[in-house]
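Written out below as structure tokens is the structure these notes cover.
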Amino acid sequence: MGLLSRWGSATAISNQPATDAISAWDTTLQKTGPPHLGRRGIKNGISFDKITRHPPNPKDLISMALLPILEFPDARLRIKAQPVSKVTEETRQLIDDMLETMYAAPGIGLAATQVNIPQCVLVLDLSEEKNEPLVLINPELLHREGQEETEEGCLSVPGVFEKVKRAEKIKVKALNRDGAVQEFEAEGLLAVCIQHEMDHLVGKLFVDLLSPLKRQLARKKARKDQRQREPGASPAKSGRGL
């Protein structure tokens, strides 16, 4: 995601009073080495995997892998993801690899289709400490309301940041990494991120929501950014993406 104007929050559908469930994302990301999964956590009924960064366990590092991220206009980004029929150890391994890849990028969201895996899996982490990943498998939007315009970026469209209109509040149903069903409401940044990543699962990019002229400019910017990242080129301006 690019620079965004609003923070996000999530409210679980439960009998408990609503409180903030997602912290503001870390504007000064401090990388402390590859993360590895530790204890589980629950915040407002939403299941999170707690990540411990100190000290890294060599066994955990061996089990994770950085995945190559497809970049616009790669045709594979247009492939629609297939539902996950059963959450297995292979599914959880994919989730761990996606999280590793997302943190390293760095980004705050990643869909499986962005790493050339056409499965309905996405990961996000908006926490300040980058230790509360949210995993959504086979996500569904049950309700949406309102509208807000936010500047977005994308790990698959490097160097491009444009304002996009999306629903301000949403209700989501999905499986977590254990295969359990979860339902919750989200607004602000979290709602934007979920909608952005769910678009990836149906082969849609945020640049598709722009005018034809802006899409053309986005393509040129993306290609320029790719050239700047070639060996011997000057470093490109960095930003967070989804």
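The values are calculated or read from the model by the stated rules, or taken from the named source; none is laboratory data. None of these values were measured; they are calculated from a predicted model. Cβ atoms come from the backbone with ideal geometry, glycine included; neighbour counts cover every protein chain shown. Note: areas computed on protein heavy atoms with side chains; ligands, DNA, RNA excluded. Shrake-Rupley method; radii C 1.70, N 1.55, O 1.52, S 1.80 Å.
Output the qualifying pairs, or none if there are none: Cβ atoms under 8 angstrom, residues six or more apart or on different chains, first residue in the range 90-104 and hydroxyl-bearing (Ser, Thr, Tyr), second residue part of a helix (DSSP H, G or I).
Final answer for the pair search is 101/115.
When you check residue 131 against the structure, is it out of contact with any His (no Cβ under 9 Å at 6 or more places or on another chain) and at positive phi, yes or no?
No; evaluated as a whole, the condition is false for this residue.
Can you tell me which of 145, 152, 183 is open to solvent by less than 40 Å² (accessible area, probe 1.4 Å) and of a type outside the set (A, V, I, L, M, F, W, C)?
Result of the check over 145, 152, 183: 152.
Could you run through the range 72-84 and say how many residues are within 11 Å of residue 157 (Cα to Cα) and open to solvent by 50 Å² or more (accessible area, probe 1.4 Å)?
Total meeting the criteria: 1.
For the range 100-184, give me every one of the strands (runs of 3 or more DSSP E) that falls completely inside it and has 1 or more residues that are under 20 Å from residue 210 (Cβ atoms) and touching a helix residue (DSSP H, G or I) at 6+ places or on another chain (Cβ under 7 Å).
109-111, 148-154, 157-166
Between 111, 104, which is small (Gly, Ala, Ser) and out of contact with any Asp or Glu (no Cβ under 7 Å at 6 or more places or on another chain)?
After applying the criteria, what remains is 104.
For the range 208-232, enumerate the residues that are part of a helix (DSSP H, G or I) and among the aliphatic types (A, V, I, L, M).
209, 213, 217, 218, 222
Out of all the residues in the range 202-223, which are open to solvent by 10 Å² or more (accessible area, probe 1.4 Å) and either touching a strand residue (DSSP E or B) at 6+ places or on another chain (Cβ under 8 Å) or over 24 Å from residue 80 (Cβ atoms) (or both)?
Across the range 202-223, the qualifying residues are 209, 210, 211, 213, 214, 216, 217, 220, 221, 223.
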